[in-house]
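Following: one structure in structure tokens, then a few remarks.
The values are calculated or read from the model by the stated rules, or taken from the named source; none is laboratory data. What you are looking at is a predicted structure, and each value in this text was computed from that prediction instead of being measured. All Cβ positions, even for glycine, are placed from backbone atoms using ideal geometry, and neighbour counts span all protein chains on display. Just the protein is used for accessible areas: all its heavy atoms, side chains included, with ligands, DNA and RNA removed. Shrake-Rupley method; radii C 1.70, N 1.55, O 1.52, S 1.80 Å.
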Amino acid sequence: MSSLTRTLVDTHVVAKRNLIKILRVPEILVAVLISPIMFVLLFAYVFGGAIDPGDGVSYREFLIPGIFAQTVVFGATFTGAGIAEDMQKGIIDRFRSLPMSQSAVLAGRTLSDVVYNVLSLAIMALTGLLVGWRVRGSFLDAVAAFGLLLAFSYAVSWIMALVGVLVPSVEVINNASFIVIMPLTFVSNAFVPLDSFPAPLQRIVEWNPVSTLTQACRELFGNTNPAAPVPDAWSMQNPVLYTLLCVVVILVVFAPLATARYRQTSR
């Protein structure tokens, strides 16, 4: 068996192991699914009447793509927390003693977390439809939007994989990720229009990958007014391309770093 084949097989086994955990600990799945529903209902019914996105678009159609983006980013924290938990419980030490590809441990973890995000997006989409969100673009555009969300979440999960290897403590990872991810998602156009930010802060929002991911999804879902003016920033004029570039850069940088760090700790 070639090295690549063995790595793929081991990755599949590790991913399967993480998914089986859903059946053994269903509370994990409940937490994954309840959180996005709460955000949808909170912003749709509590803040929805006070926020006007403008351009003739309803706030609920403006909101749901932002909730999608926020959820997949927050979902990436499960990668770091899961790796840290396995290290604390000694499971990683067991993996190290087995004749398996070491890189498959992180690859399997990040791959299984994509399934968590698929479930979250499915529940959010159904909840969004119930509160008034509609997909007004084509079917292929909608598929592309969901694919972009999953690709971005997969990339961010490698950042959290590196954090999980560096800081093998679930509590620290949860606190640290909240401190970083919360500003990243709220200093964006996910919940409020871009022009509601002060001028200096707008430049940051325009180049925030969460903003471009949200904007790309709004355009692909057809939740924007085609006649509305587009910001001057290249990132907002080409949100799909910019988001894909961010995905590639994150994977190129953090996947090797996380794998190398994991191998160092395995010695």
Shape call for region 165-246, from the Cα gyration tensor axes a ≥ b ≥ c (a/c under 1.5 means rounded, otherwise prolate when a/b beats b/c, else oblate), comes out prolate
For region 122-222, dividing by residue count, accessible area per residue (probe 1.4 Å) in Å² works out to 43
Fraction of alpha-carbon pairs in region 72-228 farther than 23 Å apart, rounded to whole percent, equals 47
With -39,500 (n - 2.57) per DSSP H segment of 4 or more residues and division by the full residue count of the chain, the 222 nm estimate, nearest 500 deg cm²/dmol, is -25500 deg cm²/dmol
Placing +1 on each Lys and Arg Cβ and -1 on each Asp and Glu Cβ in the chain, then taking the dipole about the Cα centre, the residue among Leu119, Ser103, Leu33 whose Cα reaches farthest towards the positive end is Ser103
Phi-derived 3J(HN,Hα) across region 249-256 with the Karplus relation (6.51, -1.76, 1.60, θ = phi - 60°), rounded Hz, x for Gly and Pro, is 4, 4, 5, 5, 7, 8, 4, x
Long-range share for region 68-108, i.e. C-alpha pairs more than 10 Å apart as a percent of all pairs, stands at 74
